[in-house]
Amino acid sequence: MGYIYKGQRPSQEPNKARLIMGIQCQETPPPLQDLKVTIQNSSLVFPNQETAQRKSMFLSNIDQVLNFNVETVHFFASHEDFPPQTVAEKIKDALEKILVPYDFLAGRLKLNARTGRLEVDCNGAGAGFVVASSECTLDEIGDLVYPNAAFAKLVVNSSDHSLEKDGKLLCIIQVTSFKCGGFAMGISTSHATFDGISFKTFLQNLAALAGGKPLAVTPCNDRELLAARSPPRVTFPHPELVKLQTHLGQELNAPVFDAAHEALDFKIFRLTSGNVSDMKEKAKTSPSARVSGFNVVTAHIWRCKALSQPEAQDPDRVSTILYAVNIRPRLIPPLPESYAGNAVLTAYANATCKELQEGPISKLVERVAEGSKRMTDEYVRSAIDWGEIHKGFPHGDFLVSSWWKLGFDEVEYPWGCPRYSCPVVYHRKDIILLFPDIDDKNSVNVLVALPSKEMEKFESLFHKFLSA
C-alpha cells in the first residue's frame, strides 16, 4: 500500500497530521503554523558588470500566458564551514554575477502597446535579495514534504515587496537562517522567465558561481526560437487550449484554471518505489514493453480523480487530463538543452468514465503516452501559432504538475545538496502535484486537494486500483 499524510481544511483549526498504512495509524507531529521569521535586511542587487545595451526581450506565446510567480524553498542542513551569514554573502555575490548572463532577471515585465504582447524590459532595475532569521530549528519544522502553508514566510513574493518602485521584480532570493545553523533559500521568480528545466539550470549556475567556479551551463536566451510562424498556421485541432474572451493585455494575471472558493481537504499519497515498479509491471502489454513511472502514476491518478467526481455517474462523460511535456528534443532542429525560457507545452489525454472504471491500466497508460507522442515538431509549431491567433490557456478537467524528476535537490552547492526542495503550495482541486520523496528518489508523493466527500472517494479508489 502507499502511505497517506492527512491534512485538514484551511478554515479549520490545525489537527494532527496522520500517517496511515492500510488501517494502521501513526500520529505525526503537526506542522508548525508559525516559523517566527524576521526579515533582517532587504536590498536590490544589480549585475556586477555592465551588461549589453538596454533592450526588450521577446517572450514566446508559451511565456506570455505564464505571468505569475513560482516560489520554491530549498532547505539545507547546517555546515560548519558555511554558517548562514557566510552562505548569504556567497549567494548575494553569486546573484550579482548571474545577473550578467541572465540579464532579463534584473529587468521588468512590460506590455508593448503596439503589439499587445508582454516583453521583458532589460533595464537593469535589479533583483531582490533578502536576509531573514527564524526562531525555529529544522527539526522543529518537521516533515519537509508536508505542504506547510508557513513555508510562504521563507519566500518574499514580488507582489508584496517594498522594493518595487520600478515595477514587480522578476527574481527575489531570501536566505533564512534557523537556530540549528541550517538555513533555507527561498526563490520567487516570474514563471515567464523559466520552466522547471531551465530553473534547474539556473540553480546549477548559481551554485557554481557561489563556489567561485564558472557557469555550469551557458544559458540560451534567444526566445525567438519559439516565435510563431509568419503567417501563423494552425494545422491541428487543439482541444487542450481555450480562447480568452478579452485581449491578453487586459488579462495579464489570468490564471490557467479558475480557482474554486470552497473548503478543501488535502492529503499526500506516497507511492513507494515498490508501488511504482508494481504498477509499471501491471501496465506492460508485453514482457519487453517500456513503461515510464510518470505515465503509470499519472494514469492511476487520472482514474481516481475522474471517478471521484459527482459527474462520474455518467459512464459516457469524457474526462480530460492535462500534463506538461518538454518540447526541447521534439523540435526540428531540437532546441538547445540550455534554452532558458519556457519550453513545455500542455499535452492531454481523453477517456470516458466507463473506460476509466473498467479499462486495464495499460490502456490508460497508452492514452497518456499518446498525449506525449502527439507533441511532434509540427504539432508544437501549430500550438504556438494557435496562441498567436487566439490568445488562450490550457483547458481540461485537471492538471498534473510534476516536480518529481526535476532534480532541484541534486544541485551541488559549496555547502552540499539541499535536504529537500519544494514549491510553496497553494491547494487547488484542479491541480494535482507530484513531489519527490525526501529519502527515495524513485518514490513519489501525490498532493491532492478536494472537497471532503470527493476526497473520501478518491482515497478509496486509490487503494482499490493500487491493489487490483
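Some observations on this one:
- In order through region 280-297: 3J(HN,Hα) via Karplus (6.51 cos²θ - 1.76 cosθ + 1.60), integer Hz, x for Gly, Pro: 5, 5, 5, 8, 6, 8, 7, x, 8, 5, 10, 10, 7, x, 4, 5, 6, 5
- Between amide H atoms placed 1.01 Å from N, distances below 5 Å from D265 occur with L450, S452, all of them 5 or more places distant or on a separate chain.
- If you sort T376, T272 by accessible surface, 1.4 Å probe, largest first, the order is T376, T272.
- Computed about its Cα centre, the charge dipole of the chain is approximately 800 debye, with only Lys, Arg, Asp and Glu carrying charge at their Cβ.
- Among 224-231, 132-139, the order from most to least packed when residues are scored by Cβ within 10 Å on average: 132-139, 224-231
- At full extension, K284 and N123 could sit 52.6 nm farther apart than now, given 0.36 nm per residue minus the alpha carbon distance.
- Over the chain: helical MRE at 222 nm, DSSP H runs n ≥ 4 each giving -39500 (n - 2.57), nearest 500: -7500 deg cm²/dmol
- R0 of 51 Å, Cβ-Cβ distance A227-D143: FRET efficiency to nearest 0.05: 0.70
- Maximal additional length on extending the K55-I389 stretch stands at 117.7 nm, based on 0.36 nm per residue less the C-alpha distance.
- Amide H contacts of A351 (H built 1.01 Å from N, in plane; Pro and chain starts excluded): S319 sit under 5 Å, all sequence-distant by 5 or more or on other chains.
- Span from the region 343-370 Cα centroid across to the region 431-468 one, whole angstrom: 17 Å
- HN-Hα J in Hz across region 418-434 - Karplus 6.51, -1.76, 1.60, θ = phi - 60°, x for Gly and Pro: x, 5, 6, 10, 7, x, 6, 9, 10, 5, 9, 6, 9, 10, 10, 9, 10
- Annotation: peptides 384-395, 145-156, 104-115, ranked by per-residue average of other Cβ atoms within 10 Å with the highest first, follow the order 145-156, 384-395, 104-115.
- For region 31-120, the relative contact order works out to 45 percent when only alpha carbon pairs closer than 8 Å and six or more residues apart are counted.
- Annotation: extensible slack from F46 through E456 equals 142.5 nm (criterion: 0.36 nm per residue apart, minus Cα-Cα distance).
- J(HN,Hα) series, region 168-176, from Karplus relation 6.51 cos²θ - 1.76 cosθ + 1.60, nearest Hz, glycine and proline x: 5, 6, 8, 8, 9, 10, 10, 10, 10
- As a length-normalised measure over Cα pairs under 8 Å and 6 or more apart, the relative contact order of the chain settles at 21 percent.
- Accessible area (Å², 1.4 Å probe, nearest 10) - E456: 120 Å²
- Of all aspartates and glutamates in the structure, the ones whose alpha carbon falls short of 13 Å from that of K429, not counting any fewer than 8 places away in one chain, are D258, E262, D265, D397, E454.
- R419, R428, ranked by accessible area, largest first (probe 1.4 Å): R419, R428
- Label-to-label distance, nm, for residues given as N157 and N350 (7 Å Cα→Cβ offset): 3.6 nm
- Volume of the Cα convex hull of the chain, divided per residue and given in Å³: 157 Å³
- Each distinct pair of alpha carbons in region 352-468 adds a 1/r term; the inverse of their mean, the Kirkwood radius, is 17.6 Å.
- Simple spin-label estimate for A77 and S467 gives 3.6 nm between the two label positions (7 Å along the Cα-to-Cβ direction from each Cα).
- The calculated FRET efficiency for the pair E378 and E135, based on their C-beta separation and a Förster distance of 56 Å, comes to about 0.50.
- Scanning residues 5 or more positions from S402 or on other chains, those with amide H under 5 Å from its amide H are A324, L434, with H placed 1.01 Å from N in the peptide plane.
- In this calculation the C-beta distance from K363 to L111 is compared with R0 = 56 Å, giving a FRET efficiency of 0.80.
- Listed residues T352, T189 arranged by accessible area, highest first, probe 1.4 Å: T352, T189
The values are calculated or read from the model by the stated rules, or taken from the named source; none is laboratory data. For clarity, every value in this text was computed on a predicted model and none was experimentally measured. A quick note on method: Cβ atoms are made from the backbone with ideal geometry, for glycine too, and the neighbour counts reach across all protein chains shown. These accessible areas exclude ligands, DNA and RNA; they are computed on the full protein's heavy atoms, side chains included. Shrake-Rupley method; radii C 1.70, N 1.55, O 1.52, S 1.80 Å.
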